[in-house]
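Here the structure is laid out as structure tokens; the discussion comes afterwards.
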Amino acid sequence: MTRIAIYPGSFDPPTRGHEDLIRRSLLLADRLIVGVAVNAAKQPLFSTGERLDMLRKAVDGDPRLEFVALEG
């Protein structure tokens, strides 16, 4: 059975702490979905696309990771 974990957050901006939690999560789960939240009530520093790109680059394209934008 595949263990799937979800890590939601605004990641605005992504930090080394976020990167550390992503990497450590892969010790507990076979696959991790990182959800970048879109909060219409806040004025973000970076666009959703920029935050997704920064997170992808920070973890060197690990195939066990999936990055998605979350709304609602």
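The values are calculated or read from the model by the stated rules, or taken from the named source; none is laboratory data. Predicted, not measured: the structure shown is a model, and the values here were computed from it. Here the Cβ is made from the backbone with ideal geometry for all residues, glycine too, and neighbour counts use every protein chain on show. In case anyone asks, the SASA skips ligands and DNA or RNA and just uses the protein heavy atoms, side chains included. Shrake-Rupley method; radii C 1.70, N 1.55, O 1.52, S 1.80 Å.
Within region 1-43, the set of residues being closer than 22 Å to residue 72 by Cβ and either in contact with a Ser or Thr (Cβ under 7 Å, 6 or more places away or on another chain) or touching a residue at least 60 places away in the same chain (Cβ under 8 Å) (or both) comprises 5, 7, 8, 32, 36, 37, 38, 39. For region 1-38, taking the residues that are open to solvent by 40 Å² or more (accessible area, probe 1.4 Å) and hydrophobic (A, V, I, L, M, F, W, C), the one that is farthest from residue 49 (Cα to Cα) is identified as 1. Applying the set (1) open to solvent by less than 60 Å² (accessible area, probe 1.4 Å); (2) out of contact with any Ser or Thr (no Cβ under 6 Å at 6 or more places or on another chain) to residue 63 leaves exactly one unmet item: (1).
Is one or more of the residues making up region 33-42 more than 13 Å from residue 5 (Cβ to Cβ) and within 11 Å of the chain's Cα centre (by Cα)?
Yes - at least one qualifying residue is present in region 33-42.
Looking at the structure I just gave you, is residue 71 acidic (Asp, Glu) and surrounded by 15 or more Cβ atoms within 10 Å (Cβ to Cβ)? For residue 71, the condition - acidic (Asp, Glu) and surrounded by 15 or more Cβ atoms within 10 Å (Cβ to Cβ) - is not met.
Is one or more of the residues making up region 43-56 closer than 22 Å to residue 2 by Cβ, open to solvent by 40 Å² or more (accessible area, probe 1.4 Å) and under 12 Å from the mean Cα position of the chain (by Cα)? Yes.
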